[in-house]
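Student: Before I ask anything, here is the structure I am working with.
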Amino acid sequence: MKHKLLILGAAASLAACAPKTTVEWREGAVDPETGKALQTIVIQNPPKSEGWSLWLTQFKNNAVVDPSSNGDIEYLTGSLYRVVPKGEYSDSIVINYTAAPLKRQSWAPEGFVLEVPGKKAEKLEVTYKFQPAEAVPGFTYNKVETKAWDMIPRLKSVSLQDEGTTAIGEKVAAEIVSGQKPGWYRITLDGNVKVEAADKDGEFYANVTLQNMAEVSPTVPNMVIEDWPDLEYRGYMLDVSRNFTKKDDLLRFIDILSRYKVNYLHLHIGDDEGWRLEIDGLPELTSFGARRAIPEIDADGKFVEKDGLIISYSFDPDPDNLDAPANGYYSKSDFVEILKYAAERRIKVIPEFDAPGHSRAAIKSMRYRYETTGDATYLLDDEADSSKYTSAQHYSDNALCVAYESTYTFMEKVFDEVAKLYAEAGVPFTEIHIGGDEVPKGAWVGSPACQKLMAEKGWTDVEMVKDYFVSRMLDIAAKKGVKLDGWQELPQRLSDETFAKALEGFGSVNIWSTIPNKQRKDELPYKLANLGMDVILSNVTNTYADLAYNYSKLEIGHSWGGYLDERRAFSLLPFDLYKSVRFDDYGKPCDLTVTGTVNPKFTDGAKVEKETLRNPEHIRGVQAQLWTETIRSFDNVTYFSFPKVLGVFERGWNASPAWSGSTKAEDPEFLADFDRFYSIVIDHEMPYYDANSIVVHKW
């Protein structure tokens, strides 16, 4: 018996000392003839057992594996790949493949989770070897002297008095004054501190101003400050679906937003990659839809989602690990706390549940509910649908079946349960965002249910089923006493009848596609405003925080819409939109003299006048947005946001700067204004970030 124990002990020792499986990923040079890059995955000491997989994620790059490699790369869906061995066992698997070159080092494959049958999946140690890359210098500016009352957004009027100082620091109650604009306030410092305000918002903003001044100096010269916001809506959208931001981090983020007098937080809660809010009566939305798990591969080679959504972007081997940004959700009590916390800081929360596209998390969660309980009440997909399409994020199954009555039962259930949470928080529930963007071409074409609906209605254009969806959602919202918000696609290509209904039932529409092109999409904000629809300017060219700061491969973020730094965000002009990009992606001045006409190259040589804004009252506001495909932590959230989006907040408060009429990108008045703005960032905001351990971008 003693000898047997010794043998077992030796075997265990050998197992413990077995060489670890490791991964090395190499970036090769770009072939100038093909534009492709040679990339290599090397797996050392792979498992000796059969049937193992190495899972990884990366933006789709059309990888082509060299046939001489002793492993293969299989693309599944979205951003999910898996590596499998081929041929005889080797202690080193080398996979050479060609693919699109990396725009960012952060776009390299990630995850590298090893799954061996019968064993717990584990994340492997990865070594990256990149091609040389350098940082890109930022914009130039001239540092100017700043005062305690210089802040972001800038104050409209500061009248210094002849003599004397006042100590500031304590919160001050306001005297409410009638007849002023919403959010207006006046601070009189004459040895004492007096605050007058138009409303509770103004009182709050006055105290934010006092707090910001006190951070710089507890005693300031006597003065009179008069200030108000130009635009009613000054917002920030945070996508918590693609990768999750935990409650405590979100509360911290709300604190930062309140410093800049932001008054709307648009929470993107439901999308393809995750559903992040507990809905009473539909536990599957979070038990299944708020976590990502390694799929199973069935006998036909198809993947099956059994324990959670398909892996996408970031992921963890353990779907129950709520510290991983791939997993997690807000409980009902979390959300009530968030609503209250935001309301105390005069911030209204608008929840978004994207539909009818971008709905994969809800679709798969309700399919899982049906398969595990037999309850078809909330089914969202037509199982017989043979439609062939690919969404912007490379999914082929993310569009709701808009012909199913259960789809509207589901949406109404969500509206009802969200309304209860607002009621519990004591916060008005006035608008809800349903997305409406990027429904992939080809959706619904192969759905028997949708084809039946079209036949019953006498429709020949599949676009009419989207019209039907919007009309039905407007009915639900009207019944609940709330307005519908959406992205720019929601009100487009509607029938006259449904569009008229939308003018009554929509709260506002976020316009994002403002890059000049043949479709003249940069005119859409003014076209919709002129038709009487309230518009939130969410320009990709000025407000998309998830765009990289510049073209350096060392930066993180997207670049499909160009790059976004502090200067470009600051250049946003709500009432002269075509002059909102003063510098191109490489810092060169743009020609602003032609922005009143469509570029002839887009109009077969003809010169066409652009849409002018006739109804400025329908420009409701501005919003910065952060989509989180490239986010891996809360530090990433703040790095992407600050100080980049401060220019958006500045323009929401001060919409028409003195230089707004200029037609020269480097107009001296613009440059001087930006010099002061960025000097405030350096003198006042950077110390605030450092003091509060907020990770931000620094040149």
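Student: Report the gain in length on full extension from residue 64 to residue 504: 0.36 nm times residue separation, minus Cα-Cα distance, nm rounded to one decimal.
Tutor: Numbers: separation 440, 0.36 × 440 = 158.40 nm, distance 5.16 nm.
Gain on stretching residue 64 to residue 504: 153.2 nm.
Student: Same structure, new question: Which angle between 0 and 90 degrees, to the nearest 10, do you get for helix 332-344 versus the longest principal axis of the chain when only C-alpha atoms count?
Tutor: Helix 332-344 and the main axis of the chain meet at about 20 degrees.
Student: In nm, to one decimal, how far is the residue 375 label point from the residue 306 one, both placed 7 Å along Cα→Cβ?
Tutor: It is 2.4 nm.
Student: Here is a further query. So what's the angle, to the nearest 10 degrees on a 0 to 90 scale, between helix 496-505 and the longest Cα principal axis of the chain?
Tutor: It works out to around 70 degrees.
Student: Residue-wise, which Karplus ³J(HN,Hα) couplings in Hz belong to the stretch 214-227, taking 6.51 cos²θ - 1.76 cosθ + 1.60, θ = phi - 60°, and x for glycine or proline?
Tutor: Running phi through 6.51 cos²θ - 1.76 cosθ + 1.60 with θ = phi - 60° gives 5, 4, 7, 7, x, 10, 10, x, 4, 6, 10, 10, 10, 7 Hz.
Student: Then there is this: Considering amide H positions built from the backbone, and no H for Pro or chain starts, which residues 5 or more places from residue 355, or on another chain, come under 5 Å of its amide H?
Tutor: So residue 355 has HN proximity to 435, 436, 437.
Student: Binning at 10 angstrom from zero up to the longest distance, how are the C-alpha pair distances of the stretch 383-437 distributed in percent?
Tutor: 18, 37, 28, 15, 2
Student: Taking Cα atoms, how many degrees apart are the long axis of helix 405-425 and the longest axis of the chain, rounded to 10 and kept between 0 and 90?
Tutor: 50
Student: Using 0.36 nm times the number of residues separating residue 615 and residue 211, minus their current alpha carbon distance, what extension gain do you get? Present the calculation step by step, with values, prior to reporting the outcome.
Tutor: On the way: separation 404, 0.36 × 404 = 145.44 nm, distance 3.65 nm.
Length difference between fully extended and current span is 141.8 nm.
Student: Do me a favour and compute the ellipsoid semi-axes for the stretch 310-401 from its Cα gyration tensor, root of five times each eigenvalue, largest one first, whole Å. Working shown, then result.
Tutor: Working: eigenvalues 162, 61, 51 Å².
Semi-axis lengths for the stretch 310-401 are 28, 17, 16 Å.
Student: In the stretch 107-216, which trypsin sites (Lys or Arg not before Pro) fall in coil by DSSP and have 12 or fewer other Cβ atoms within 10 Å? Numbers along the way, then the final one.
Tutor: Numbers: sites: 119, 120, 123, 129, 143, 147, 154, 156, 171, 186, 194, 200; in loops: 119, 120, 143, 147, 154, 156, 171.
Hits after loop and neighbour filter: 119, 120, 143, 171.
Student: Using the Cα atoms of the stretch 591-685, I'd like the radius of gyration and the largest Cα-Cα distance, Dmax, both in angstrom.
Tutor: In order Rg, Dmax, the Cα atoms of the stretch 591-685 give 17.6, 50 Å.
Student: Would you mind ranking 227, 272 by Cβ crowding within 10 Å, fewest neighbours first?
Tutor: On the way: 227 22, 272 27.
Placing the least packed residue first, the sequence is 227, 272.
Student: Let me ask you something else. Starting at the first residue of the stretch 24-37, write each ³J(HN,Hα) from the Karplus equation 6.51 cos²θ - 1.76 cosθ + 1.60 with θ = phi - 60°, in whole Hz, x for Gly and Pro.
Tutor: 10, 10, 10, 9, x, 6, 7, 6, x, 7, 9, x, 9, 10
Student: So if R0 is 22 Å, what FRET efficiency would residue 584 and residue 559 give, r being the distance between their Cβ atoms, rounded to the nearest 0.05?
Tutor: Details: r = 13 Å, r/R0 = 0.59.
So the FRET efficiency works out to roughly 0.95.
Student: Using a 7 Å offset from Cα along Cα-Cβ at residue 40, what residues in the stretch 82-103 end up with backbone N under 13 Å from the label point?
Tutor: Residues 93-98 qualify, since their backbone N sits under 13 Å from the label point.
Student: Same structure again: FRET efficiency for residue 693 and residue 176, Cβ-Cβ distance as r, R0 = 30 Å, nearest 0.05? Don't skip to the answer; put the middle values down first.
Tutor: On the way: r = 37 Å, r/R0 = 1.24.
It comes to 0.20.
Student: How high is the FRET efficiency from residue 480 to residue 91, r the C-beta distance, R0 60 Å, rounded to 0.05? Can you show the working numbers first?
Tutor: Numbers: r = 63 Å, r/R0 = 1.04.
Calculated transfer efficiency: 0.45.
Student: Under the definition of Cα pairs under 8 Å and six or more residues apart, what whole-number percent is the relative contact order of the chain?
Tutor: Values: 1443 pairs, mean separation 87.2, N = 699.
Relative contact order, the chain: 12 percent.
Student: In what order do 110, 352 fall by count of nearby beta-carbon atoms within 10 Å, going from fewest to most? Display every interim value, and only then the final one.
Tutor: Working: 110 19, 352 24.
Result, fewest neighbours first: 110, 352.
Student: Loop only by DSSP, 13 or fewer other Cβ within 10 Å of the Cβ. Give me the trypsin sites (Lys or Arg not before Pro) in the stretch 243-336 that pass, ordered by residue number.
Tutor: Working: sites: 246, 247, 252, 259, 261, 276, 291, 292, 302, 306, 332; in loops: 246, 261, 276, 291, 302, 306.
Here the trypsin sites (Lys or Arg not before Pro) that fit, given the DSSP loop and packing criteria, are 302, 306.
Student: Amide H of residue 382: which non-local residues (sequence gap of 5 or more, or other chain) have their own amide H closer than 5 Å, using H built in the peptide plane?
Tutor: Residues meeting the amide H criterion: 401.
Student: Per DSSP H run of at least 4 residues, take -39500 (n - 2.57); add these up for the chain, divide by its residues and hand me the 222 nm value, nearest 500 deg cm²/dmol. Write down the numbers at each step before the final one.
Tutor: Working: 17 runs with 186 residues, N = 699.
Result for the chain, helices only: -8000 deg cm²/dmol.
Student: Moving on to the next point. Going 7 Å from the Cα of residue 383 in the Cα-to-Cβ direction, what parts of the stretch 344-366 have a backbone nitrogen less than 14 Å from that spot?
Tutor: Zone members listed by number: 366.
Student: If you take the square roots of the eigenvalues of the alpha-carbon gyration tensor of the stretch 264-305 and sort them as a ≥ b ≥ c, do you get rounded (a/c under 1.5), prolate (a/b over b/c) or oblate? Each step should come with its number before you reach the end.
Tutor: Working: a/c = 4.10, a/b = 2.13, b/c = 1.92.
Because a/c hits 1.5 or more and a/b exceeds b/c, the stretch 264-305 counts as prolate.
Student: Using 0.36 nm per residue, how much length does the chain from residue 156 to residue 31 gain when fully extended, once their Cα-Cα distance is taken away?
Tutor: Numbers: separation 125, 0.36 × 125 = 45.00 nm, distance 5.48 nm.
Taking residue 156 through residue 31 to full extension adds about 39.5 nm, to one decimal.
Student: Follow-up. Need the list of lysines near residue 607 for cross-linking: C-alpha distance under 22 angstrom, and skip anything on the same chain fewer than eight residues off.
Tutor: Partners within reach: 518, 521, 527, 579, 664.
Student: Sticking with this one: So what's the projected area for the stretch 157-227, the Cα convex hull averaged over all directions, in nm²?
Tutor: Computing the convex hull of the Cα atoms and averaging its projections yields 4.2 nm².
Student: Here is a further query. Simple spin-label model, 7 Å along Cα-to-Cβ: residue 633 to residue 495 in nm?
Tutor: About 5.3 nm separates the two model spin labels.
Student: Just report the Cα centroid separation between the stretch 462-494 and the stretch 166-229, whole Å.
Tutor: After rounding, the separation between the Cα centres reads 42 Å.
Student: Project the alpha carbons of the stretch 404-489 onto their principal axes and report the range along each, largest first, in whole Å.
Tutor: Each principal axis gives a Cα extent; for the stretch 404-489 these are 46, 25, 17 Å.
Student: Give the Kirkwood hydrodynamic radius (Å, one decimal) of the stretch 35-160, defined as one over the mean of 1/r across all pairs of different Cα atoms.
Tutor: Values: mean 1/r = 0.0550 Å⁻¹.
Computed over Cα pairs of the stretch 35-160, the Kirkwood hydrodynamic radius comes out at 18.2 Å.
Student: So, one more: Using DSSP to call loops (not H, G, I, E or B), can you name the trypsin sites (Lys or Arg not before Pro) in the stretch 523-617 whose Cβ has at most 12 other Cβ atoms within 10 angstrom? Intermediate values should be presented prior to the final figure.
Tutor: Working: sites: 527, 553, 567, 568, 579, 582, 601, 607, 610, 614; in loops: 553, 582, 607, 610, 614.
For trypsin sites (Lys or Arg not before Pro) across the stretch 523-617 that sit outside H, G, I, E and B with at most 12 neighbouring Cβ atoms in 10 Å, the list reads 607, 614.
Student: How far apart, in nm, are the 7 Å Cα→Cβ label points at residue 120 and residue 321?
Tutor: According to this spin-label approximation, the distance is 1.1 nm.
Read-outs throughout are calculated quantities, based only on the coordinates presented, and are distinct from any laboratory measurement. Since the structure is predicted, the reported quantities are computational estimates derived from the model, not experimental observations. Using ideal geometry, Cβ is built from the backbone for each residue, glycine included, and neighbour counts are taken over all protein chains shown.
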